[in-house]
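Peer 1: I'd like to ask you about the structure that follows.
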Amino acid sequence: MGEFKVHRVRFFDYMPSGIRALAFNGDTERMAVARMDGSVEIFHCSDRFFQEKIIPGREQCGIEGLSWVGERLFSAGLNGGITEYDLTNQKVKYTIDAYGGPIWTITGNQQGTHLAVGCEDGTVKLFEVNEDKIQFERNLDRQKSRIVSLSWHTSGSKIAAGMMDMIQIFNVETGHSIHRMLADRGVGTSRSKECVVWSVVYLSDGTIVSGDSVGMVKLWDDQTGTLIKSHNVTKCDVLALSVSQNEDSLVAGTSEGTVVQFQFVSMVLGKDDKEWVRTRTFKNHTHDIRAVAEITTAVVSGGMDAQLVVKPLLDKIEVRSAASALRKIHFPHRRLVFCARNSGLMLFQYPGHLELWRLGESEGKGIPGSSLFVKRNPEKLLHLKVKGEDHIRCSAVSPCGEWIVYSTASSLRLYRLHCDNNNVSITKISKLPKVLSSANQLCFSSDSSHLFSASTQSSVHIVSLSQSGCKFVGTLKPKSGSHQAIHLLAASEDGEWLASANSDHEVHIYNLQTRKAHCTVPVYSSAVTAMGIHPTTNCLFMMYADQQMCEYSIEQKQYTDWSRTVQRKGLHRLWMERDTPCLNVMFNPQNPSHVILHDTYMLCIIDQSLPLPDDKTQFYNQLTLKSLTEDQRKSHSHAFKVCKTFKDILCVELISDQSLVVVERPLEDVATQLPAPIKQKKFAT
Amino acid sequence: MATLYEGYTLCGVGPVQNSSNIGILGVEQGGDIDHVLVTDTSRSITVYKVKGVTSYAINTFLKQGQIISCPAVFNTQSQEYVVVTDDRVVRVWKEDDVNLEKAFKATVSADVLKVLSATDSEPVVLFCCGAVRFLDSLLASPQQPMEDVLTEDEIIRWSTIVKAEHQLVILFSTEQRGEHCLYVQRFNPNTLVKHRFETEPGLSAPISFSATCRGSNIHLLYLYLNGSVYESVLPFRSSSTGAEGVQALSRSLCLSLPLGEEKLMSGAAVVLDEAHVAVVGFPHPSAGACKDYLCIWNTHFQTLQASKEMAGRIYSQLWCYSGKLYVPHGKMLSVIPFDCQKSSLAAAMGKQKQTSQSESKSCRFVTSWTSQSCTDVTQTTEIKSRMSTRNVSDLSIIPTSAVEDVQAEVGEFIRRTPQADLQLAAGRVALELVSRSQTDANFYPQCAFLLLLETRYLCYSVCPELLSLAMVKKDFHLCQIAFQIFSDIPEAVTCACLKTILSTPDLEMETVNLDMDSVIFMKELTQAHSRSDEEGGQLNGFCHPALESDVSDTPSNKLQRDPFALDMSCPVGLHKGALLNEVLQTAYSDRSLLPHLKDLTVPQVIVFLQYLRFLYLKYSHDAHKQIRALRTPSISQIIDWVCLLLDAHFTVLAVAPEAKRLVFDLHKFVRSQVKLYAELGKIEGSLQVLKSSKQSEDFGMYAIQVIELF
């Protein structure tokens, strides 16, 4: 079918940031994740954990806690402020100072009326949640040591606070402490070190569960203020606790990287006499687990090793499916690498800067499987630091390689690149139209003459680019009136069409000639993870988070026959079971029937002219085909040609000389840059 | 083992003028490997051709009134003889010059101590003052002044030349007011390093030296009158220039010779090879102290390897050239050929180390035994003499008393003697006992022997006759213990014992009292066979009654019926098997064992092979089943013996009809093993490919590759 020259790139030093806090919203099935760099991400738990929304972080904003109040998300951090997020536009809504020094924890009550924060100065501050803001209400009795953890009782009348060496129960009405429970320090040398109660959980039956730096999970009675039971879980710290919604299961995350599950089961069969029993231990992390959350069917954990691990609880799953497999999310479900197709340039998006690289050149030809001699090594042309404290939200490089644009939450900057031989210089385009103040997504037209900037309320602004500068052309608005932010843009090769996809799963197609909405693709239940417009047929090819694919003819405003065939016959089981979303859709100009896709673990070329595989055919058949003769291959090949040579792929792009750029970020390389984990004695070492 | 062959007298030793320990001036290597140059104190220099037991001589005499100052040497480069007369006259002559007066002579400016010559290098002249000159440069200007290296009253006592890698080193020891030093003169660059001998109170000067070159070091061995033989190692090339002053000579004790009661006056030692030292003038450890012996000692194992009585007065002189020892004694100079075989023990120790840990028990005892004697450096002469006096009193009853008395006395003796002394003493007692048993047919103190063996201080070399005595007396119990304890049994003796064991009928053997552990092992082994058969029947759930009865009646029937069934009955009795197991576990070296194995008769070989095959089958079947026994032959030992037996007797076995089935079975087995290894080789190959394909992944940060999709 064909040979490709592949530039294997491993010098993109992307480092995912460690996970600091998790908050699960059971009503919307959304998981909010806060990272060390201050970014907040929203994952859709029932849509294959697709990363729907990313709110980039800022320098110096250490988030310590996350809390949902209804569908509103709040965070608090060591900078002493409480932040509410605008999830529709994926940005910070406001931040107010709690005036209590660094905040260690934030939690909302079940009624959705109040937020409590635990501060360094020893106060628990209550905030009333209003329609559009939060309002400071009062302090509970001030304590001598910092408040490290908080948990509301379901009734909303009591609150448990974990501190240094003790746990306090407050009456919310009076603000006074009801009970004071002392946590034991460790024995031996650690006796001099104070015991930090890292996490508390207040159960509806009045039991308080605490996890502390001595490695104990303790159960307390809030009526008497006495210890019921204690479990020694680890030699290190128990950093996080989470209870399931029906309070029959509890998970604890430790700094050894283990998650320990406790279950509330009756000790004698048939009797109602239930106790918390330690049942399972999972070890999927190499480093400290800073946050755990038990969702309906799985335990989600995250920590210093920056991966989000979804460990399904098999006792709560009835059928084996893609959802019952262990899922580890290492990389964002957004593109961080952009290629200037016509000039061989790559743009790497880091949180605080951009890097522009020129690809190397090879000499001679090689047989498949071999490496070619690298005549010219890749070269770093540009290192562009972001102005201000905000991290980059999105960026793009034009296909001709002449324009670079990026946007943070507060500003958008456009640069023009001058490349004559070895001298690289950039000029910032100073007078940008006012509409270009910030963008959710950016995209250049294929002839590099226009920039499309996705803005608030799902609108797209069009700006024309020329030597003299840039000029606002117009705004494209969807008919539906959805306000969700756009996370994907795709422009057609001929400059006629533009497609946009937003978090409401809507895909709008605009006619760029008339600057009017052309049509809307029927809304599908899963999010669009990647899309592209075919250069010759002008069909929009879409990949969804549940691994489905659709091809929609823009001109005919309907799904193509091939797409209908795919839907009718269904996709192969192995294709559906892949656990990372496709992140790019490309087309091979030399062979219009080829669609090139990739996810983290594979590169796939779909040949639309070939028959689709059914569940009986061998899906990964490249090795078989390789061993067959040319004639035999025809009878054995099917539409999905999967190449698994590459691993940990961040980006695949087809550039104009028919060669592929594959940007890999090997997890081993990531692991070597992580801080050293807690040293553990291993057997026979 | 080392052997001293029958020697003969080369020449007489002239009348000794004084009380010095010098019988003749010297024996030096001649122009050929079998030529020696004997310099007599009485003005004659004789070249002897020593070959076999004959010798011929060419004499060269000096004129009356001339005195030979040092032994004549042969300059192999110029094919000339060199001697110094009257302290200062260097004379050089060819072989056909009989008259020395006509030969070339030159008078030098200082007194010459000695001319030293090594093969294929120029002779070196050592002066009394310590100066050193090459002969050529000296003869070019004979009157050149000599520098004084030594102080006035410092006298050179001994000197030698060592050559290796075309580099010469002169060693000489000096005495000055009771202090003894060693000088090391190296050439190119000329350096002279002075070492001081360690002195201990009561220890006089070394009486004999011997230097050899091994690797890049000079090993200097020296003997003291108290019987200690020390070794010092000097580097061949020294980095020091001698400017650092006098260095103490580090030494290690490598041998402690036993002493008699008489005060020794003279003695000499010479290094034969890495492990052997010939010593003259010291008493034989078990013979009386009154006689003088030439002994060969193994320094590694501290054992006496060979000895020969030397009549007459012993001098502090001993030479060794090309496999012959030259010993002046009484009024003659004897030539004694010797042979130091690479000891089978050394090879055996290597062999034994391979066997499993449970079997290394006897081996461990040997090592501790040697290390103990090595640590006995602090042992003083005092203890030695005390010990030897008491020994005599103990031994004195052996030649006369009854068996019971002797046994009681030996028991008492072992209990009384301190551990450190027991090592030598036990050997002496054993030798005495054996010698009496050999002469007196009614005397056989088995208990005493067992007691001595239990001390674990005996080994074959200490008392070689013990094992053959036990074989003659058919004392298999003693044999077994000896096999367990001795790790240095020569292969010939092992084979003789094997032959005796195989030829003894089983019936006679069963009455013998043997070590329980080994018998239990054999019982387990044979029972395991029947038990596994029963289990097999039960497991299968069905066992044909007729077949079962057949099996129990005649195992051979089963064989005929089912050629693939394994013949699992033990071909020898329990006790014979136990003894054979001990033989299997002895140390040996293949090359030495093979010729002796040929002594076995064909029926013996077949029985032994059948037994080995039985063992092997047992082992391969019950590999998971560990029979608890202290000493069991390992599977590799069994296989080694099978191979050796087949090697030794293959042609006979191939034609012997009764061996056909056995050989066929073994062949079948080997074929299957070869097949298995071939398959394993294939697996290894494919695993290798897997590994290399994994490795090719790494390409660094950037690469341009070609992929192909089908």
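Read-outs: derived from the displayed coordinates by stated rules, not from any lab. Predicted model only: the values in this text are computed from it and were never measured. Cβ sites come from the backbone with ideal geometry, for glycine too, and all protein chains shown count toward neighbours.
Peer 1: Counting only residues 5 or more places away or on other chains, whose amide H sits under 5 Å from the amide H of A:A298 once H atoms are built in the peptide plane?
Peer 2: A:L313
Peer 1: With θ taken as phi - 60° and the coefficients 6.51, -1.76 and 1.60, list the Karplus ³J(HN,Hα) couplings across segment A:291-296 in order, rounded to whole Hz; mark glycine and proline as x.
Peer 2: Those phi angles translate into 8, 10, 8, 9, 9, 3 Hz.
Peer 1: Let me ask something additional. Please compute, for peptide A:655-667, the average count of beta-carbon atoms on other protein chains lying within 10 Å of each residue's beta-carbon. Let's see the in-between values first.
Peer 2: Working: counts 0, 0, 0, 0, 2, 2, 0, 2, 0, 0, 0, 2, 0.
Mean partner-chain Cβ count within 10 Å for A:655-667: 1.
Peer 1: Rounded, prolate or oblate for chain A? Axes are the square roots of the Cα gyration tensor eigenvalues, ordered a ≥ b ≥ c, and the cut-off for rounded is a/c under 1.5. The partial results should precede the final answer.
Peer 2: Details: a/c = 1.95, a/b = 1.60, b/c = 1.22.
Here chain A falls in the prolate category.
Peer 1: Would you pull out the residues with amide H under 5 Å of A:Q558's amide H, same chain only if 5 or more places away, H placed 1.01 Å from N?
Peer 2: The answer is A:S553.
Peer 1: What list of whole percents do you get for P(r) of segment B:436-532, with Cα-Cα distances grouped in 10 Å bins up to the one holding the largest distance?
Peer 2: P(r) over segment B:436-532, rounded to whole percents: 13, 43, 33, 9, 2, 0.
Peer 1: In the structure shown, do any of B:K49/B:K324; A:K477/A:K557; B:K102/B:K331; A:K647/B:K691; A:K144/A:K679 have a Cα-Cα gap over 22 Å, and if so which? Intermediate results must be reported in sequence, preceding the final value.
Peer 2: Values: B:K49/B:K324 12 Å; A:K477/A:K557 18 Å; B:K102/B:K331 32 Å; A:K647/B:K691 19 Å; A:K144/A:K679 33 Å.
Long pairs (Cα-Cα over 22 Å): B:K102/B:K331; A:K144/A:K679.
Peer 1: Can you tally the net charge around B:L478? Count Lys and Arg as +1, Asp and Glu as -1, for every other residue whose Cβ sits under 13 Å from the Cβ of B:L478.
Peer 2: Values: positive: B:K473, B:K474; negative: B:E454, B:E465, B:D475, B:D515, B:E582.
Counting the neighbours of B:L478, the net charge comes to -3.
Peer 1: Moving on. Among residues other than A:P368 whose Cβ falls under 11 Å from its Cβ, what is the net charge (Lys/Arg +1, Asp/Glu -1)? Working shown, then result.
Peer 2: Working: positive: A:K5, A:K365, A:K626; negative: A:E3, B:E708.
Charge balance in the 11 Å sphere: +1.
Peer 1: How high is the FRET efficiency from B:K682 to B:E274, r the C-beta distance, R0 45 Å, rounded to 0.05?
Peer 2: Numbers: r = 45 Å, r/R0 = 1.00.
Here the calculated transfer efficiency is 0.50.
Peer 1: Taking amide hydrogens as modeled 1.01 Å from N in the peptide plane, which residues meet the under 5 Å criterion relative to A:S503, leaving out close sequence neighbours?
Peer 2: It is A:A485, A:H487, by chain and number.
Peer 1: Here is a further query. If I take all pairs of Cα atoms in the protein assembly as shown, what percentage of them are more than 53 Å from each other? Let's see the in-between values first.
Peer 2: Values: 571730 of 972315 pairs.
Roughly 59 percent, rounded to a whole number.
Peer 1: Something else: Counting alpha carbon pairs within less than 8 Å and at least 6 residues apart, what relative contact order, in whole percent, applies to segment A:337-476?
Peer 2: Normalised by residue count, the contact order of segment A:337-476 is 16 percent.
Peer 1: Considering only the other residues whose Cβ falls under 12 Å of the Cβ of B:V115, what net charge follows from Lys and Arg at +1 and Asp and Glu at -1? Before the final figure, lay out each step's value.
Peer 2: Working: positive: B:R91, B:K114, B:R133; negative: B:E28, B:E80, B:E122.
With Lys, Arg at +1 and Asp, Glu at -1, the neighbours total 0.
Peer 1: Is there a pair in A:K569/A:K644; B:K618/B:K682; A:K133/A:K218; A:K311/A:K616; A:K53/A:K387 whose C-alpha atoms are over 27 Å apart, and which pairs would that be?
Peer 2: Values: A:K569/A:K644 25 Å; B:K618/B:K682 29 Å; A:K133/A:K218 36 Å; A:K311/A:K616 30 Å; A:K53/A:K387 23 Å.
B:K618/B:K682; A:K133/A:K218; A:K311/A:K616, as the Cα separations exceed 27 Å there.
Peer 1: Here's a follow-up. What percent do you get for the relative contact order of chain A when only Cα pairs under 8 Å and 6+ apart count? Before the final figure, lay out the partial values.
Peer 2: Values: 1774 pairs, mean separation 56.8, N = 685.
Dividing the mean separation by the residue count of chain A yields 8 percent.
Peer 1: Report the relative contact order of segment A:19-329, percent, no decimals, based on alpha-carbon pairs under 8 angstrom and at least 6 residues apart. Kindly include the intermediate steps, with their values, before the conclusion.
Peer 2: Working: 884 pairs, mean separation 29.4, N = 311.
Contact order relative to length: 9 percent.
Peer 1: For segment B:306-318, take each phi angle, set θ = phi - 60°, evaluate the Karplus expression 6.51 cos²θ - 1.76 cosθ + 1.60, and give the result in whole Hz per residue in order, putting x for glycine and proline.
Peer 2: The phi angles translate into 7, 8, 8, 7, 10, 7, x, 5, 9, 9, 7, 9, 6 Hz.
Peer 1: To continue, here is another question. Using the Karplus curve 6.51 cos²θ - 1.76 cosθ + 1.60 with θ = phi - 60°, what ³J(HN,Hα) values do you get for each residue of segment B:185-191, in whole Hz, with x for Gly and Pro?
Peer 2: 9, 10, 10, 6, x, 6, 9
Peer 1: Rounded if a/c is under 1.5, else prolate if a/b beats b/c, else oblate: with a ≥ b ≥ c from the C-alpha gyration tensor eigenvalues square-rooted, which is segment B:403-488?
Peer 2: Details: a/c = 1.68, a/b = 1.17, b/c = 1.44.
Oblate.
Peer 1: For peptide A:7-17, what's the mean number of Cβ atoms from other chains within 10 Å of each residue's Cβ? Before the final figure, lay out the partial values.
Peer 2: Working: counts 4, 8, 4, 5, 3, 1, 1, 0, 0, 0, 0.
Average neighbour count from other chains, rounded to a whole number: 2.
Peer 1: Is segment A:139-293 rounded, prolate or oblate when judged by the Cα gyration tensor, a ≥ b ≥ c being the square roots of its eigenvalues, rounded requiring a/c under 1.5 and prolate requiring a/b larger than b/c? Could the numbers behind the result be given before it?
Peer 2: On the way: a/c = 1.66, a/b = 1.10, b/c = 1.51.
The shape class here is oblate.
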